[in-house]
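For reference, the structure is listed below as structure tokens.
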Amino acid sequence: MSERRVAWGVAGAGGIARRRTIPEGIVPAGNARLAAVYDVDPEVNRQVAERYGARAAASLEDLLGPDVEAVYVASPVYAHREQVVACARAGKHVLCEKPLGLTVAEAEEAVRACRKAGVLLGTAFMMRFHAQHQAALALIREGRLGKPVYARAQLSCWYPPIEGAWRQDPELGGGGSLMDMGGHCLDLLEMFFGRVRRLGCCTARAVHGYAVEDGATVLLEFAAGALGTVDVFFSIPDEASDNVLELYGSRGAILARGTIGQGDRGFMVARLREEEAGYDARQAREAAAGMEIAPAPVNTYRAEIEAFGRAVLEGCEPPVTGEDGLRNQRLLAACYESARTGRIVEVES
């Protein structure tokens, strides 16, 4: 007997849903099927529905019919809270794109609504599922990195002014490069090194003239004592940035290029000692290739859909919960507070 499939609806069928999550995630997932889609653009909605053999819902309310069990919310950020709450009240499980809302208060409302309705809420941090990120996490949990010392996550792209782009309007997206890309980086570093205790942040509008920041850097202090940085920019050409991930510990480092992003590949190497060594006054640094970390690639969109689907079918918490999304929203709020005040901000635990 084949595995039962979760019937998915999609709210916000254009954008990332049309480009990646439907064709790479829902359609090929072993425990999913696309039942219905809804988008505010009727033509986009029609095209996506026809291409994948799904029902084209006329409204969000129409989307939440009896043929839908779980909803992937991929609409612009300003619609997340309202749509998640509506899904919860209709008894639908929800996987929502990050961030959960424009503010911490909106994210809290989304979490409360799903808890009250007894439905699952997941946050779509698909980069957690990257095979190389999971391999790095396994090495850290095994103690191979030693005591964590420093972490860096970088994500940049070229995103010039575009008329009507909601990510460039603070009322619609909540922020710029920090809100859109920084959330992924912050989530990954907390996955690797644990919770952040306090942080400092600077934002900039250095190149583009829109109202949100086109660049941000964040300095992190983790509760376990390690330090970290995040740098995210809408103002660096795509080909100029390696989107690096660097994880350093008392026994070495795990270094990656190109694993942070929408793809499922990149280059990662581990340069690790079996044990901590004594002091070398020469500080000699021989060129070392290290151990390449190259597990079989996993499509991150399919992995997150299948993981959430298993949680629905088995009645358990998804691996990335709504609480994880709320935590990330609090980190982002602390970043913006620091940028606004010029002060280090303590992060709510």
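Just so it is clear, none of the values below were taken in a lab; they were calculated from the coordinates. Values in this document were obtained by computation on a predicted structure and should not be read as measured data. Reconstructed Cβ throughout: ideal geometry from the backbone, glycine too, with neighbour counts over all protein chains shown.
Worth a mention:
- Boolean, Leu178 is within 22 Å of Asp324 (Cα to Cα), surrounded by 16 or more Cβ atoms within 10 Å (Cβ to Cβ) and either polar (S, T, N, Q) or touching a residue at least 60 places away in the same chain (Cβ under 8 Å) (or both): yes
- Which listed residue is surrounded by fewer than 24 Cβ atoms within 10 Å (Cβ to Cβ), touching a helix residue (DSSP H, G or I) at 6+ places or on another chain (Cβ under 8 Å) and farther than 20 Å from Arg4 by Cα, from Tyr78, Tyr52: Tyr78
- Check on Gln83, surrounded by fewer than 24 Cβ atoms within 10 Å (Cβ to Cβ), within 15 Å of the chain's Cα centre (by Cα) and of a type in the set (S, T, N, Q): no
- Against the list (1) in contact (Cβ under 8 Å) with a residue 12 or more places away in the chain; (2) of a type in the set (Gly, Ala, Ser); (3) over 30 Å from Glu239 (Cα atoms), the condition Ala105 fails is (1).
- Residue within segment 78-87 that is among the small types (Gly, Ala, Ser), closer than 30 Å to Gly176 by Cβ and in contact with a strand residue (DSSP E or B) (Cβ under 7 Å, 6 or more places away or on another chain) present: no
- Scanning segment 305-349 for residues being more than 23 Å from Arg112 (Cβ to Cβ) and within 14 Å of the chain's Cα centre (by Cα) gives a total of 1.
- Matching residues in segment 37-75 - criterion: being under 24 Å from Cys114 (Cα atoms) and β-branched (Val, Ile, Thr): Val37, Val40, Val68, Val71, Val73
- Check on Asp39, within 23 Å of Leu121 (Cα to Cα) and within 24 Å of the chain's Cα centre (by Cα): yes
- Of the residues examined, Val44 is not one that is in a loop (DSSP other than H, G, I, E, B) and among the β-branched types (Val, Ile, Thr).
- The single condition among (1) in contact with a Gly (Cβ under 7 Å, 6 or more places away or on another chain); (2) free of Cβ contacts under 8 Å to residues at least 60 places away in the same chain; (3) assigned to a helix (DSSP H, G or I); (4) of a type in the set (A, V, I, L, M, F, W, C) that Val119 does not meet is (3).
- Complete set of residues in segment 62-80 that are of a type in the set (Val, Ile, Thr) and under 18 Å from the mean Cα position of the chain (by Cα): Val71, Val73, Val77
- Residue that is surrounded by the fewest Cβ atoms within 10 Å (Cβ to Cβ), among those in segment 322-349 that are touching a helix residue (DSSP H, G or I) at 6+ places or on another chain (Cβ under 9 Å) and β-branched (Val, Ile, Thr): Ile344
- Segment 122-152, subset surrounded by fewer than 22 Cβ atoms within 10 Å (Cβ to Cβ) and assigned to a strand (DSSP E or B), residue nearest to the chain's Cα centre (by Cα): Arg152
- Among the residues making up segment 64-116, those that are over 14 Å from Gly12 (Cα atoms), in a helix (DSSP H, G or I) and not small (Gly, Ala, Ser) are Val85, Arg89, Val104, Glu106, Glu108, Glu109, Val111, Arg112, Cys114, Arg115, Lys116.
- Residue selected from segment 1-27 under the condition farther than 17 Å from Ala124 by Cβ and of a type outside the set (S, T, N, Q), by the criterion farthest from the chain's Cα centre (by Cα): Met1
- Counting only strands (runs of 3 or more DSSP E) wholly contained in segment 200-267, the ones carrying 3 or more residues that are surrounded by fewer than 23 Cβ atoms within 10 Å (Cβ to Cβ) and more than 17 Å from the chain's Cα centre (by Cα) occupy 215-222, 252-257.
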